[in-house]
Structures are given as C-alpha cells and as structure tokens.
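Input: a single structure, listed below in structure tokens.
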Amino acid sequence: MSRFTSRLGSWMEDVVKYSRYVANGGLLFTLYFTLIYGAFVYNDFLTRIDSAFPGEWIAAAIMLLIPLGHRPRTFIQEADQVFLLPELGEIRSYMVGVRAFNVVFAGLRAMLVLLILLPLLVRTEAYTGIEVLAVVVTMVLLSVAGRLAKLEGAGRIVLPFALVSGLLIVTGLASWSFVPAFLPFVPLHLKRNERIPLLHWLALEEKSKAQFERVISWFIDLPTVREDVKERRFLTKMLENRVLRRAEASQYVYGLRIIRSSDSLDLVIRLTAVALVVMWMSGGWYVGLVIPLFVGLTALQLVPLFKRLEAVSIVSWLPITKEERLRGYTWWTYRILLVQALFLGLASLLFGATWDAAIGLILSFGVIRYYLNRLT
C-alpha cells in the first residue's frame, strides 16, 4: 500500500496548495454569494410547492444521471508505462487503495446531491423514515457503482439497474429501490481487473487531472491547464466570412478561440442556463437581480482568461501589438457579456420581473464596464 499512500499524499499536497490560492481569489466569494442566494431561492421554492409537484419523477431522473459523468482518480503516471510494468501483477494492494478512494468520493458526490433532493422529496412525498433511508442508500450505491464501472471499463452497465430503481420510486415502492441498486456490484465484482489496466487507468487519470486543473483555472492563472477544442464548423465558417475578410487578425484569432474552446463559450452557456433555473425557482421581485449576479460571475472568469492566453496561446506570437490583442479580446468579451445580459433581461420578464429587470440591466452594464477596465 506504500506506493498508493505516497501518491495519495502527493495529491493531497496539491489540493492543499491550490486550495490556499483559491481562498485568496475573488471568484470564491462570488461563488459563496451565489450559493447562499441559491439556497435562499430554493428554500422559498420549497415553501411554495405542494404534494402535486412530481418529486418522485425528479428523483428517478437523478438516479439515472448519478452513475454518469464520473472522473475516477487512479494516480497512474506516464512513467509507469516503463517503470511499473515489472510490478503489474504484484501490486493488488495499490488497486484496492484506488478503488477505496473512488468509493469514498462517489459516496460524497451522492450525499451532496441528496442535500438538495431529500428536502424536495420530504416536502412533496409522504415518505416514512425507512423509505427516506432506502432512497439515501440507493443513491449512494448507484453513485459508487457508476464510478467503479468507469474504473473497471465496464461501460454503462449500471444504467439498467438505475432505471429499475427509478421505476420503483415512481410506482411507490421506494423502500425496495436499494435492491436493484445493489445488483450491479455482482457483475462489477466478476469483471474486476486482477492486474492494473495501465493504459485505461492512465487515460482516466489524465482526464480527471485535466478537469481538476480546469476548475482551479477558474480561480487562478494556471498556464499548464490543457484545453479542450471543439470543431464547430458552422460558427467557424461564419467567423471567417464576417471577421477574417476584414483583416482583423486579433478579432479573428480570439473569436476562433472563444468559439471552439470549452472554457469560454461553453462557460457562458452553462452559467446562463444556471441563471435561468434560478430565475424560474425564485419568481419574486428580485428576479432582475439575477442578471448582474451571473453576468458578473461570467465576466469574473472571462477577464483573467486574457492573461492566461498571453502566457500560453499562439496569439502572443502573431505580428500584432499587445494593444491590438487587448482590443480584439475586449471586443469579443464586451459583446458576449452584453448579449448574455440582454438575453437574461428578456428571460427575467418571462419569469415575472418588472422594473427590477431594468435595474438589473443597468447594474449589468456597470459590472461589464468594471471588469473590462481591469483588462487595461
């Protein structure tokens, strides 16, 4: 177990180190405020719903989703392809440690989901203590099984069992939902690897590490982070026709990067979707205040991105000055944030906003100008 404990210790050192950096970042306080505001809105939402709300259907849908999207950690390194080969058949304790580590994290993930789901179920369903406990156990089992299935390369073997558990919830048999959730562990035990699947675990580790670095890069500059690039042919073609033909090099390069990168356009879409959910759940006079909150949260992540691009992107190699690069990035950032603010403003009207929508848009414009001025 010494090899596993040493690598686990190295991982914990990195987590502690980056946690200190994150604690000093301004984004963390914004996230705290967002979470507190979201908890307030969710509590208000729970007080207004009744037993007619389909809470059991939401629980069933979450049971189908919770086995998916896991990023197991294996702590395998590229050098292990050479130095670990002679020991592959003799380090079963390392595999036990990796599996135990992922079981713990899968259980924590399920508990975080249950913190949101259980109040909704208790509010909308007449569950007994046994049924609530069965839902908790079912969610934890499905989360653990989904993570182990990813670790063992078993694909989506857990989904049929999750579907049966969800059907039991919907049909009023919640106290028995844990039974099908336990069954995936039988084929997972039979399929478990006796030797480390080196290439598979290395790929899992690289994906998980890249996700960790991507999250950390929201708070601090992390030049080593790897970027996911998407082709997006239609948007790229539009960019070539409208910008490249005007010989605006900086606008074209930054536009191409924003369109194809997962930490720019995808980030805006994700935060906008979360803002719509918050608006839908709130339904009060403060709907308009969601606009500057999420526009500011978006700007807080897009603005520091320029410094990271200056450090690692090919943009800084082009024969254009820094002022031109700054002007090109500002051009895109301003328009993206403005479109987001206008879209959220229109959406807020649909969710019951009145004069507060105008105030939210005015505050959003001030937030945009504040963060853009930090670029200079």
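Laboratory data are not the source of any read-out in this text; all were calculated from the coordinates shown. Not measured: the values here are computed from a predicted model. We place every Cβ from the backbone using ideal geometry, glycine too, and count neighbours over all the protein chains shown.
On a 23 Å Cα-Cα criterion, which of the cross-link pairs Lys17/Lys207; Lys150/Lys207; Lys17/Lys209; Lys17/Lys322 come out too long?
Check vs 23 Å cut-off fails for Lys17/Lys322.
Got a sec? How would Ser264, Ser10, Ser364 order by Cβ neighbour count within 10 Å, fewest to most?
In order of increasing Cβ crowding within 10 Å: Ser10, Ser264, Ser364.
Round to a whole angstrom and tell me the spacing of the C-alpha centers of the range 330-376 and the range 122-169.
Each part reduced to its Cα centre gives a spacing of 40 Å.
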